[in-house]
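These notes are about the structure you will find just below.
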Amino acid sequence: MKLPRLHLVTSDEVLGRAGFVDAAARVIEACGPGAAVHLRGHGLSGGALFALAERLLPVAARAGAAVLVNDRADVALACGAAGVQLGRRSIPVAEARRLLGSDALIGYSAHSAAEVLDAERAGANFVLLGTIFPTTSHPGEPGAGPDLVRAAAQGARVPIVAIGGITLERAGAVLEAGAYGIAVLGGVWHAADPAGAARRYLAVLEEGTE
């Protein structure tokens, strides 16, 4: 599977909404191969994550989109997700690769250029790099700015997906700095029309490749 450029990251609050699956299905159908939905729920059990993935995977298969399970390589393997997003608290990238196989998409969440290189050497397919701009998800953090993307992109070959306060207006700056794609939480899941918001982000990404 080609790595999508728009990564739609969830949270416990987003996953806990009564209408999440229906909203996520509409987002997936709207974006198709351009999007990856990250099931990130630190407070959810493996069973709960599996149940959500099981409902979304058929929709993703029809649309050509990706569903990734964050942190839980075991859940990703059990449900047949496209891959996993790892971080400092997760199992090592190399162990996830051994478990999931060569075709799985394995991402790593990094916060420095050095971490990006470490993830690349370990075999990650891509890196989520942040926090780029201030965001309510990480209160009190000022954001490293696009210069962090620029510094990491100069030395890395692995695709970099910028995360943290990426609005439609800020997306161009991180793309110009060398980001392959962007990751969004509030800009899509907190919008009145998540599918419409996701399409607008995807349009910005597509315009950036022209």
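The values are calculated or read from the model by the stated rules, or taken from the named source; none is laboratory data. Note that the structure is a prediction, hence the values are computed from the model and not measured. Heads up, the Cβs are rebuilt from the backbone with ideal geometry, glycines too, and the neighbour counts pull from every protein chain shown. The accessibility values were calculated without ligands, DNA or RNA, using every heavy atom of the protein model including side chains. Shrake-Rupley method; radii C 1.70, N 1.55, O 1.52, S 1.80 Å.
In the chain, what percent of the accessible surface is made up of carbon and sulfur (1.4 Å probe, ligands and nucleic acids excluded)?
On the way: 4900 of 9330 Å².
Heavy-atom surface of the chain belonging to carbon and sulfur, 1.4 Å probe: 53 percent.
Express the accessible area of segment 1-122 per residue in Å², computed with a 1.4 Å probe while the remaining protein chains stay in the model.
43 Å²
Show me, for segment 15-27, the HN-Hα J-couplings you get by feeding each phi into the Karplus relation (A = 6.51, B = -1.76, C = 1.60, θ = phi - 60°), rounded to Hz, glycine and proline as x.
These are the phi-based 3J(HN,Hα) values: 5, x, 5, 4, x, 4, 4, 5, 5, 5, 4, 5, 5 Hz.
Looking at the chain, which longest stretch skips every one of the trypsin sites (Lys or Arg not before Pro) that is in a DSSP loop with at most 11 other Cβ atoms within 10 Å, leaving the sites themselves out?
Longest stretch, sites excluded: 3-87.
Could you work out [θ]222 nm for the chain from helices alone, using -39500 (n - 2.57) per DSSP H run of at least four and dividing by all its residues? Round to the nearest 500 deg cm²/dmol.
Value at 222 nm, helices only, nearest 500: -13000 deg cm²/dmol.
Counting only protein chains, not ligands or nucleic acids, how are THR10, THR136 ordered by accessible area (probe 1.4 Å), most first?
Values: THR10 0, THR136 130 Å².
These residues rank, largest area first, as THR136, THR10.
Once you place label points 7 Å from the Cα toward the Cβ at HIS42 and ARG121, how far apart are they in nm?
For the pair HIS42/ARG121, the computed spacing is 2.7 nm.
What's the FRET efficiency of HIS190 with MET1 using the Cβ-Cβ distance as r and R₀ = 41 Å, to the nearest 0.05?
On the way: r = 28 Å, r/R0 = 0.67.
The value I calculate is 0.90.
Which of GLY34, GLY172, GLY181 moves most in a GNM of the chain, Cα contacts under 10 Å?
Checking each option, the largest mean-square fluctuation is seen for GLY172.
Quick one: Cα centre-to-centre distance for segment 1-70 and segment 108-180, in angstrom?
Rounded to whole Å, the Cα centres lie 21 Å apart.
Hey, of (i) 7, 24, 17, 7, 6, 7, 10, 13, 8, 1; (ii) 9, 38, 40, 13, 0; (iii) 7, 24, 23, 17, 12, 7, 5, 3, 2, 0, which did the structure itself give for P(r) over Cα pairs in 10 Å bins from 0, in percent when calculated?
(ii)
Say each of ARG17 and LEU99 gets a label point 7 Å from the Cα, pointing the same way as Cα to Cβ; how far apart are those two points in nm?
2.9 nm
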